[in-house]
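Below is one structure, written out as structure tokens, with a few remarks after it.
The values are calculated or read from the model by the stated rules, or taken from the named source; none is laboratory data. Since we're looking at a predicted model, the values are computed, not measured. A quick note on method: Cβ atoms are made from the backbone with ideal geometry, for glycine too, and the neighbour counts reach across all protein chains shown. Side chains included, ligands, DNA and RNA excluded: accessible areas come from the protein's heavy atoms. Shrake-Rupley method; radii C 1.70, N 1.55, O 1.52, S 1.80 Å.
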Amino acid sequence: MGEITYAQAINAALRRALAEDPKTLLFGEDVALPGGVHGVTRRLRREFGDRVFDTPISESAILGGAVGAAMMGLRPIVEIMWADFAFVAFDQLINQAANVRYVSRGRLKAPMTIRTQQGATPGSCAQHSQCVEALIAHIPGLRVCLPATPQDAYDLLLAAIECDDPVVVIESRALYHSLKDTVDLDAPRSPIGGARIVRPGSDISVVTWGPMLHTVLEAAHVLEDDGIDIEVIDARWLNPFDTDTVTESVSRTGRLAVVHEANLTGGFGAEIVARVVERGVPLSAPPLRVATDDLRIPAAPGLQRAAIPGSDLVAGRLLSVLKPGND
């Protein structure tokens, strides 16, 4: 297929899953007749009829219904409109979906996919801008991925739908219509898990995910003028996390940085640093975490730019590790 947007790639994956398996359902708030609040599910109701339907504004009912449907042999795909809204349904997600295999001694499974989106965009308020990946990845039984490109938006969603465990696919609202690329709709199916080295380099390994991948790549381009060669790793999956790819990279570069949009304290970056340190990988400088300060995200675009790491800030922080005193 030619160039399509990140949102269109998700739509194509949903269409393929619905066409290939009649047990697949798609439901959530405004996903059917309106085509999704961000237009991601347009025309799917028209093509697949009652298997695509709208629900009341009740995240607990959406996820509770998905758990029951999955346990009975269906493959529900549900949309939680904003990741922040999943908090009101944490019982269904954490106490129920994540425990189906355990409490049934493996007799039952919950092959359900939870699509949501997160991150700050201009005007988004405090209940529509939080990054929640570390909270969800903390729970055993839940798989978590954050696609950063149209190809991964397509591939990772299909992998999630085919998985027999609950998978939370955290999309980026900022990338839905701003990012466009060529997508191979016939590429081999992507397995669950696996990071990807997006930009090889020799001076420092930078691990990131979601929209921050593009921020880090911009920073790497800026640092080229200083003769600095950045290796950029897109984590893609936080659970399961590909520790091997990261540690192998850090073993070559001798330095590690993690960049994410989520707040610094308790962010998944700390988990990555801990894994590298626990494996005894020799480091020539202390690990670096670059993240949003511990604050509520403001709605004003200017304040958001000040709060969330941009490419200039990332480049400066990396430079402080690589060339102390020159940041």
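Here's the yes/no breakdown for (1) touching a residue at least 60 places away in the same chain (Cβ under 8 Å); (2) within 30 Å of Pro191 (Cβ to Cβ); (3) out of contact with any Lys or Arg (no Cβ under 9 Å at 6 or more places or on another chain):
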residue: Asp242; (1), (2), (3): no, yes, no
residue: Ser249; (1), (2), (3): no, yes, yes
residue: Gly266; (1), (2), (3): yes, yes, yes
residue: Glu271; (1), (2), (3): yes, yes, yes
residue: Leu295; (1), (2), (3): no, no, yes
residue: Gln304; (1), (2), (3): yes, no, yes
residue: Ala315; (1), (2), (3): yes, no, yes
residue: Lys323; (1), (2), (3): yes, no, yes
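Would you check which residues across the range 55-78 are of a type in the set (S, T, N, Q) and touching a strand residue (DSSP E or B) at 6+ places or on another chain (Cβ under 7 Å) and list them?
Going residue by residue through the range 55-78, those that are of a type in the set (S, T, N, Q) are 55, 58, 60.
Hit for the range 55-78 is Thr55, nothing else.
Taken over the range 212-245, the criterion of being out of contact with any Leu (no Cβ under 7 Å at 6 or more places or on another chain), over 23 Å from Pro150 (Cα atoms) and aliphatic (A, V, I, L, M) is satisfied by Val222 alone. Just one of the listed residues (Ala17, Ala89) is surrounded by 22 or more Cβ atoms within 10 Å (Cβ to Cβ) and in contact (Cβ under 8 Å) with a residue 12 or more places away in the chain, namely Ala89.
The conditions of being under 19 Å from the mean Cα position of the chain (by Cα), surrounded by 24 or more Cβ atoms within 10 Å (Cβ to Cβ), modelled with pLDDT of 95 or more and of a type in the set (Val, Ile, Thr) are not met by Val198. If only residues of the range 31-44 that are in contact with a Gly (Cβ under 9 Å, 6 or more places away or on another chain) and open to solvent by less than 70 Å² (accessible area, probe 1.4 Å) are counted, the one that is nearest to Ile57 (Cα to Cα) is Gly36. Within the range 125-152, the only residue that satisfies the criterion of being open to solvent by less than 10 Å² (accessible area, probe 1.4 Å) and farther than 22 Å from Gly269 by Cα is Pro150. Residues in the range 225-260 that are within 14 Å of Ile197 (Cα to Cα), assigned to a loop (DSSP other than H, G, I, E, B) and under 22 Å from the mean Cα position of the chain (by Cα): Ala235, Arg236, Asp242. Only residues that are in contact with a strand residue (DSSP E or B) (Cβ under 7 Å, 6 or more places away or on another chain), within 16 Å of Gly316 (Cα to Cα) and either surrounded by fewer than 20 Cβ atoms within 10 Å (Cβ to Cβ) or not aliphatic (A, V, I, L, M) (or both) were counted in the range 247-287, giving 3. Exactly one residue out of Val206, Val216 is part of a strand (DSSP E or B), in contact (Cβ under 8 Å) with a residue 60 or more places away in the chain, open to solvent by less than 10 Å² (accessible area, probe 1.4 Å) and not small (Gly, Ala, Ser): that is Val206.
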